[in-house]
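Notes for the one structure printed next.
The numbers here are math on the coordinates, done by the rules we state, and not lab data. All values derive from a computational prediction rather than experimental measurement. Every residue, glycine as well, gets a Cβ built from its backbone with ideal geometry; the counts of neighbours run over all protein chains shown.
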Amino acid sequence: MAIEKKISDELHLLAARRLRAAGMRYSKSRRAIVEVLASAGRPLTLDEVLAFNSDDNLAQSSVYRNSTELVDAGVVKCLASGKDHNRFELDDSIIGHHHHFVCLDCGEIEDFQVPEYFEKEILRLEAELVKKGLSVEGHTLDIQGRCPKCSKKIVGNFVS
């Protein structure tokens, strides 16, 4: 429990610094959004942020406005997923580099890590692109498919 508090304190300090650098303050609403995203363990839609907010102190308009500002400050990133569902998670610079599985039907996104040798090969490819004069700022890997719930729907439709 003490470790969780320390991590949480460090997270909030980092978020406050980034917002301050962007000329914004770390309001109660922004703090609540960061806490929800940190505890979720996966990217969330804004409706899910509202649903997972245990204090029920966030208004929908506040979540929509503040999520954009958190993205602008580099605290949160927005991920586009299937069926026009945007999802939000803490920025990679905060939670660490990772990749995503994206459900093509419901838009659900799950985080995953790749083996170190794979990541090293991607970094080697990035270096080759830089040698060609391209400006590389990072990479993402999205694997697309269907989550277990959506896969069952498809199988169920063929069985009927």
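Not counting the cut sites, what is the longest span of the chain without trypsin sites (Lys or Arg not before Pro) that DSSP labels loop and that have at most 13 other Cβ atoms within 10 Å?
Numbers: sites that count: ARG25, LYS132.
Counting at most 13 other Cβ atoms within 10 Å as exposed, the longest clean stretch of the chain is 26-131.
Among bridges DSSP assigns within the chain, what percent are antiparallel (round to 5)?
On the way: 11 of 15 bridges.
Once the DSSP bridges in the chain are tallied, antiparallel ones form about 75 percent.
Out of these labelled values of Rg and Dmax of the Cα atoms in Å, (i) 18.1, 57; (ii) 18.5, 54; (iii) 19.7, 71, which was calculated from the coordinates shown here?
(i)
Considering Cα pairs under 8 angstrom that are at least six residues apart, work out the relative contact order of the chain and quote it in whole percent. Numbers along the way, then the final one.
Numbers: 178 pairs, mean separation 27.8, N = 160.
Over the chain, the number comes to 17 percent.
Collect residues whose amide H, placed 1.01 Å from N in the peptide plane, falls under 5 Å from the amide H of GLU108; neighbours closer than 5 in sequence don't count.
Under 5 Å from the amide H of GLU108: CYS103.
Could you work out which residue, out of ILE33, ILE109, ILE94, moves most in a Gaussian network model of the chain, that is, has the largest mean-square fluctuation with Cα springs under 10 Å?
In the Gaussian network model the winner is ILE94.
Measuring from centroid to centroid over Cα atoms, what is the spacing of region 41-92 and region 118-142 in Å?
Centre-to-centre distance over Cα atoms comes out at 28 Å.
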